[in-house]
1. Longest span of the chain, sites excluded, free of GluC sites (Glu not before Pro) in DSSP loop with at most 16 other C-beta atoms within 10 Å?
2. What does the extension gain come out to for Glu93 and Asp312, with contour length at 0.36 nm per residue minus their alpha carbon separation?
3. For the chain, what does the alpha-carbon gyration tensor say about shape, rounded, prolate or oblate, given a ≥ b ≥ c as the root eigenvalues, a/c under 1.5 as rounded, and a/b over b/c as prolate?
4. Between 0 and 90 degrees, rounded to the nearest ten: what's the tilt of helix 40-56 against the longest Cα principal axis of the chain?
5. Of all the Cα-Cα pairs you can form in the range 214-335, what percent are over 26 Å apart?
6. Distance from the Cα centre of the range 1-47 to that of the range 165-193, in angstrom?
7. Can you give the helix-only mean residue ellipticity at 222 nm for the chain, where every DSSP H stretch with n ≥ 4 adds -39500 (n - 2.57) and the sum goes over all residues, rounded to the nearest 500 deg cm²/dmol?
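FYI, it's all coordinate maths here, none of it is from the lab. Quick caveat: nothing in here was measured; it's all calculated off a predicted structure. When we count neighbours, we look across all protein chains shown, and the Cβ atoms used for this are built from the backbone with ideal geometry, even at glycine.
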Amino acid sequence: MTATDLLTRARAGDGDAFRELTNPHRRELEVHCYRLLGSAQDAEDVLQETLLAAWRGLNRFEGRSSVRTWLYRIATNRCLNALRSAGRRPVKEWDMTEIEPPEPTRLGEVTWLEPFPDARLGDAVSSTTGPEAHYERTETMSLAFVTALQLLPARQRAVLVLREVLAFRAAEVAEILDTTTDSVNSALKRARAALQRYLSATGASDAPPAPTSLAERSLVAKFVRAYETGDVEALIALLTDDVRVSMPPIPLEYHGRESVARFYDSLMRADRRYHLVPTRANGQPAFGAYLSDPTGQVRHGSGLLVLTLSGDRISAITRFENTALPWFGLPRSLPAH
């Protein structure tokens with residue numbers, strides 16, 4: 001059936017027709033919500049709200065734009081409502097009582113950040129970033145890019161994503177946000193400048209190796225070997241001079257090799273051994289980290305590590321809580337052997 005046929009049947013109350021009409025856009029809408037909100041769980045919630053609102057408001061859809069653009073309008077405005085009204089994940093205190101962390105370099109601002117599983121992406125990224133998009137497809141899902149977006153005012157964030165990532169025209173964005181084209185262009189100019197300042201300050205000037213390439217696999221293998229053996233010296237040798245370690249929702253951040261070395265010296269004691277299970281998040285290598293139990297019977301999931309690569313080095317390590325593991329199909333614990 002054509003889109004027009006599906007729309008007619010959906011308006012008559014055919015739920016299957018509505019799903020067939022909207023399913024091609026579900027993944028890209030979820031990714032869009034994630035970019036705006038920085039949280040995979042919040043993105044899933046807003047996606048469900050969007051589809052429910054679309055179903056209930058189908059008779060008000062006048063067809064002046066495509067169904068896809070109409071859905072983006074609903075999703076974007078639902079995200080903006082969520083950003084205005086919802087409380088973010090609260091900042092969490094350091095909770096490893098047996099470890100005393102060194103003084104951090106600074107406290108992070110985006111403590112609500114969550115990783116997004118590559119397995120949930122499908123072709124959502126490649127299908128939504130056309131040739132007029134300003135940023136590379138892989139860049140728009142990276143943790144650095146999503147973090148930078150969170151530091152922008154909400155409407156500037158929405159404008160930048162719609163214009164520079166999804167390549168909507170200024171007039172379309174003005175309609176989505178119920179504003180003027182001049183306002184869109186002004187917001188975009190400010191957002192571009194702020195985003196560029198943040199990305200420039202984070203370093204990582206060299207392009208990462210291609211995903212799953214020999215260069216990436218070699219660097220990742222060295223990281224795993226150093227991490228699992230507790231070899232801090234070997235780990236630090238893999239890092240860029242301006243490396244950053246962060247751990248949302250704990251706000252502690254460590255910048256630079258010396259600061260990061262002190263942090264891992266405190267973390268990787270002789271009685272703490274980790275086992276890493278590979279996965280991918282935000283287009284980047286990631287690992288479920290499992291800490292051996294003192295009894296030797298089980299390995300408990302301690303968190304999810306996401307690596308940001310720059311050339312042949314690691315420029316950032318982001319550690320998320322073990323609550324992220326199920327999103328990646330990883331168990332909360334593993335047998336010791």
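1. For GluC sites (Glu not before Pro) (loop position, at most 16 other Cβ atoms within 10 Å), the longest site-free span of the chain is 137-337.
2. 75.5 nm
3. The shape class here is prolate.
4. 10
5. The calculated P(r) of the range 214-335 puts 14 percent of pairs beyond 26 Å.
6. Rounded to whole Å, the Cα centres lie 23 Å apart.
7. -14000 deg cm²/dmol
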